[in-house]
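Nothing in this text is a laboratory measurement; each read-out follows from the coordinates by a stated rule. Because the structure is predicted, anything quoted here is derived from the model rather than measured. Here Cβ is always computed from backbone atoms with ideal geometry, including for glycine, and neighbour counts include all displayed protein chains.
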Amino acid sequence: MKRPFFIFAALFFIAFSAGLQGQSSDRGSKGRTELDEILKKCEEYSEKVENASLHFVCIEKVKEEMITSVSTHAVSVPGSHGTLRTFSSRPTWKKNRYVYDYQLIKQGGKVTEKRILLEENGKEKYEDNAPLKTKRFYSRWSALGPVILFSKNWQEKYSYRLIKEVRYKGERVSIIEVSPKKDVEEKLHSGKAWVSSKDGSIMKMEIDMESLPGFEELKEKSKKRNIKPIFTIVHRYDFIKNGIRFPSKTYFEESYLGRGSRSTTSKTTFLYSNYKFFTVETEHVIKRDDT
């Protein structure tokens, strides 16, 4: 049976339409004022990302681990009244590792991604225009992820709740819960974001996977087996250039809950490093930014 393939894409193209309406919170007046101030900063930051002309390359290291089969073994346990014969399950994990030279160019409303495969499972390669070879999870445009939750044109579709303020990586950060408004019919992302109180930039996001393509089909199949799918996706943005944060790590975990126990069946990690940034000019002349 073909297994579903899950995609997280920053659907920022739609974010250029519609306008912003006032937001509310289930907190008191002080809480609303505080939340409104944070959301305004998030809106300004997302607008900066939306309007920016981006061109960068970096190293993308991908590690994918997934269970390909489960074998059952008979186990004999000696006891005072004889030998108890039971069975234990042993999963077989398959691990793949890839190293890509990753490039993203964003100019206006057009975004282009390109990968060059440099290494596969420890063997050197050079495959231009290579596909992302992961089997269970595909991440597109993660650098633009914050836009789908906080841009001016998306905020009218979401409800926000300020959970708490914490210290995170040396900064004062607001943790905000994001969920689609009840009257919005389209399937939207939901989750939590760690927002810098200083400039509204998004430092970390946890996304609820129920909004991913393919999830509903998997959920229905899981019901027949009396299990519940639980997916986790976390984006971290630790690299900063000209006031814009770029991804440092994306993590995806696929688990299932059944009979009181939770089993993980796949994990995918994307690590980003060695960024090289460029400036894209209106004349389409690309110059290296060495600052």
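Modelled spin labels at E119 and E177, positioned 7 Å past Cα toward Cβ, are 4.2 nm from each other.
Here's the list of aspartates and glutamates a cross-link from K135 could span, going by alpha-carbon distance under 16 Å and ignoring same-chain residues fewer than 8 apart: E64, E65, E120, E253, E254. Protection proxy ranking for 58-64, 140-146, using the average of other Cβ atoms within 10 Å per residue and placing the highest first: 140-146, 58-64. At an R0 of 30 angstrom, the distance between the Cβ atoms of S197 and T232 translates into a FRET efficiency of 0.75.
Give me the extension gain from K276 to K224: residue separation times 0.36 nm, minus the current Cα-Cα distance, reported in nm with one decimal.
Working: separation 52, 0.36 × 52 = 18.72 nm, distance 4.87 nm.
My answer for the length gained is 13.9 nm.
Taking amide H atoms as placed 1.01 Å from N in the peptide plane, the amide H of S159 lies under 5 Å from those of S179, K181, each 5 or more residues away in sequence or on another chain.
Placing dummy labels 7 Å off each Cα toward the beta-carbon, the span from D36 to K157 is 2.4 nm.
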